[in-house]
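The structure appears below as structure tokens.
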Amino acid sequence: MHKVGVKNLINSGLNELGISMTDFNAEMYKRIYRSDKYEQMRQNVLDLLRINNEMEKPIKIYINLRIDKPIEKVLNYSGFNEVIELAEAVSANYHFDNWSGRIKSTDLTVEVDRRLKRLFRIDVA
């Protein structure tokens, strides 16, 4: 986003945009995305939502949370209220894949590992 510019993206003609992200928790972001770009992601998402709102929401922005905790806990984290208010919708995505064997069961939190086994009735390698 920082390369393209928020207003350029909003004025690009998009009608809808889905953003896959964690909540505003740096540790969870690092755990799930294995990246140190948490602060950049956070600022980009907030800038996009705020400017889209100022421009009367030409894009419906959907936030798809990739989280390893129950969504009820995540939605109560401080600082996330603005996202909830400005986004079209916020939902949780519990679909994970093993990226051709690069992600092992031991890389997941116990809660996600149990959820995957229960949902898909499989053993996660």
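FYI, it's all coordinate maths here, none of it is from the lab. Predicted model, so just to flag it, every value in this text is computed and none were measured. Reconstructed Cβ throughout: ideal geometry from the backbone, glycine too, with neighbour counts over all protein chains shown.
Pairs from the table (LYS7/LYS30; LYS30/LYS73; LYS7/LYS69; LYS7/LYS73) lying more than 24 angstrom apart at Cα are LYS7/LYS30; LYS7/LYS69; LYS7/LYS73. So what is the relative contact order of the range 6-93, in percent, for Cα pairs below 8 Å that sit 6 or more residues apart? Rounded, it is 37 percent for the range 6-93.
Each of LEU14, LEU75 was scored by other Cβ atoms within 10 Å of its Cβ. Listed from fewest to most, they are LEU14, LEU75.
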